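Data first, discussion second: the structure below is written as structure tokens.
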Amino acid sequence: VQLQAFGGGLVQAGDSLRLSCAASGRTTSDYVMGWFRQAPGKEREFVGCISRSGGVTDYSDAVKGRFTISKDVVKNTVYLQMNSLEPEDTAVYYCAADAHTHFVERHPLNYDYWGQGTQVTVSS
């Protein structure tokens with residue numbers, strides 16, 4: 001599967017932004033789809049993921065209640081809706097696909113395929 005993440009940009013604190021991860025080659029229903037982010041000088045961290053069926057989601061404590069992951073099976077696209085953005089959310093955001101797990105997965109090493117990343121910058 002090939003993944004392409006887009007939708008990043010420069011926003012102000014408190015704004016919302018929606019990232020998209022378009023998949024091609026295979027359906028997202030064959031994977032747990034995750035979102036990760038990496039800020040300068042920091043390790044890549046788990047943001048959230050959605051199960052193969054779309055019925056289960058998991059989020060990091062840092063974004064729980066503010067971010068929502070969803071998927072559109074027809075468009076073969078996964079979304080990350082980000083609300084109440086904070087400067088601490090500034091990072092490059094990546095989508096990824098895990099071919100081995102069925103429900104949720106937080107560890108980046110367990111993901112098999114990665115998109116190219118999209119920059120999100122939140123100004124204070």
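The values are calculated or read from the model by the stated rules, or taken from the named source; none is laboratory data. Computed from a prediction, not measured in an experiment: that's the story for all the values here. Every residue, glycine as well, gets a Cβ built from its backbone with ideal geometry; the counts of neighbours run over all protein chains shown. Note: areas computed on protein heavy atoms with side chains; ligands, DNA, RNA excluded. Shrake-Rupley method; radii C 1.70, N 1.55, O 1.52, S 1.80 Å.
Couple of notes before you dig in:
- Rounded accessible area of ASP61 (nearest 10 Å², 1.4 Å probe): 130
- Qualifying aspartates and glutamates (Cα of each under 15 Å from Cα of LYS64; at least 8 residues distant if same chain): GLU45, GLU86, GLU88, ASP89
- Calculated accessible area for the chain comes out at 49 Å² per residue, all protein chains present (probe 1.4 Å; ligands, DNA, RNA ignored).
- Label zone at LYS64 (point 7 Å along Cα-to-Cβ), backbone N below 17 Å, segment 32-49: 35, 46-49
- Relative packing of peptides 29-36, 18-25, 76-83 - highest average C-beta neighbours within 10 Å first: 29-36, 76-83, 18-25
- Estimated FRET transfer efficiency when R0 is 25 angstrom, pair SER53-PHE6 (beta carbons, to 0.05): 0.50
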